[in-house]
1. Please compute P(r) over all alpha-carbon pairs of the range 259-393, binned at 10 Å starting from zero, and give each bin as a whole-number percent.
2. Taking 37 °C and 0.692 mPa s as the conditions, I'd like the Stokes-Einstein D for the range 1-136 in µm²/s, using the Kirkwood hydrodynamic radius from alpha carbon pairs.
3. Let me make sure I get this right: for the range 310-375, a, b and c are the square roots of the gyration tensor eigenvalues over alpha carbons, sorted descending. Under 1.5 in a/c it's rounded, otherwise prolate if a/b > b/c, else oblate. Which is it?
4. Probe radius 1.4 Å, ligands and nucleic acids ignored: give me the carbon and sulfur share of the accessible area of the chain as a rounded percent.
5. List the relative contact order of the chain as a percent without decimals, with contacts defined as Cα pairs under 8 Å and 6+ residues apart.
6. Hey, could you grab the Kirkwood Rh for the range 85-132? Inverse mean 1/r over distinct alpha carbon pairs, Å, one decimal.
7. I need the shape label for the range 66-180. Rule: rounded when a/c is under 1.5, else prolate if a/b > b/c, else oblate, with a, b, c from the alpha carbon gyration tensor.
8. Counting other C-beta atoms within 10 Å, and keeping those with at most 12, which DSSP coil trypsin sites (Lys or Arg not before Pro) do you find in the range 320-404?
Amino acid sequence: MPKNADSRHADIIIIGAGIAGIGMARYLTKYCPDKTFLILERRQNLGGTWDFFRYPGIRCDSDMYTLGYAFKPWKNAQMITEAPAILEYLQETVQENGIEGNIRYGLQVKTADWSTDDATWRLKVKPEAGGRHRTYTCNFLLSCTGYYNYDQGYQPEFEGQDDFAGPIVHPQRWPDDLDYAGKRVVVIGSGATAVTLIPSMADSAKHVTMLQRSPSYVMSIPRRDPVTDALRRVLPEQLVHRATRLRNASLQFGSYQFSRRYPNLMRKLLLGLVERQIGDVVDMRHFKPFYNPWDERLCAVPDGDFFKVLRAGKASIITDHIDRITRTGIRLKSGQELDADIIVSATGLNIQVMGGIALTVDGVPRQIPDTWSYKSLMFSDIPNLIMVVGYVNVSWTMKVDFTGEYAARLFRYMDSRGYDTCVPVNDDPTLAEDPDYYAGLTSGYVQRALHLQPKIGNRSPWRPGNNFLRDLIALRYGAINDGVLRFSRQQQRSRAA
């Protein structure tokens, strides 16, 4: 169990009580029991994404053996599940590890200033309920804020949208009282949110139409895994969890690598699977993207529920561009009119790095785009800061586990040698930026946020690999003192000064 932290100071402060923040807290509890820590959570509940989003059917399209933690088996029969079950899993993790007492709810971190003299972060924190700002201090900062802006999703301006007689809803701000029973609903978008919403709304709505500018790759996956169910009958739960986790992560990563090497063959395979699902009910042109597989994340639908409502005629797809919103629906560039009582703008997210926190080092502002990414978890010339960022080609939480293990190793290394500060330093004049790193990621939310990202180097440790097997070795077993991460203690800095 961790030591009790002061009300406004701790050895370590974690920002965010979502899946990343809870995971990092557990690793501190397990491997650094002498460290005090606090979790500052902006909202009044833990869970992050899985408590925040409230639209119908909200679920994860990753299996729970890889989205779940390595240390806590997923025991639910469904490996693809909806938000309430994920939230219950996170609440159990908090209770089992005694983390609840370390969480401070309703606090938004606005600024973070590092002082080299006393090796301390000073955080300006705004209470969500109002009142004066507070100051929290710590020696090490763990940013677990996720990757998107909680305040505002991506909402393009449509001509005539103020003329529409019904509500226009973004899934990020879903109204609790929205009644769509017997209504005509148009869902704008073709990503994971759209293919989740449509089968969830189709049984109650009069009809649901997906309106997409361009198609996405959509793949049916089973909710339950019969192999895992069989293993549970003969093997311990933890062993089953580890074996299934490794298998599923390897399959996901293998699919990604196969797509990169053989994009045309992978495209043929994916489209063939879709054709088997829809037959001649829906024109295949609505499922043929203009990009290669894994240039954007694949849309996974459990037990083909999205295809089922299409076959049943409860939902339909139109591929076209919007001309304008009218009083009764949407006019398309082709001239077609779509009647609608409700429009759902499932147009995506806005990426936000570190929750929009303004960083300064010794009073000098530091901008993340001016830094280099170190091992995809720290930034050059910014001391004692780790930002937890997941993968794009396997589940987010795989990287949370590796980062938690690495952070615990880092803290123990520093304590054993009396260091109070560590900072990645790029003093290699031959290091160059990798201009192709983001080129393969064509998703709109990624492309809109390239200007917010740190610089990516052309070699390790300044180039993230997005390879969980390499990260497992590098972050679990690699040298902490690698010559790039520089360590110091206050006495050394005083003598140098």
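1. 8, 24, 25, 20, 17, 6, 0
2. So the translational diffusion coefficient is about 205 µm²/s.
3. It is prolate, given that a/c is not under 1.5 and a/b is the larger ratio.
4. Reported share for carbon and sulfur atoms: 49 percent.
5. Relative contact order for the chain comes out at 19 percent.
6. Result for the range 85-132, one decimal place: 13.4 Å.
7. oblate
8. Those that pass, being in a loop and sparsely packed, are R327, K333.
The values are calculated or read from the model by the stated rules, or taken from the named source; none is laboratory data. Please read these numbers as outputs of a predicted model, since none were measured by experiment. Cβ coordinates were reconstructed from backbone atoms using ideal geometry, including for glycine residues, and neighbour counts include every protein chain displayed. Side chains included, ligands, DNA and RNA excluded: accessible areas come from the protein's heavy atoms. Shrake-Rupley method; radii C 1.70, N 1.55, O 1.52, S 1.80 Å.
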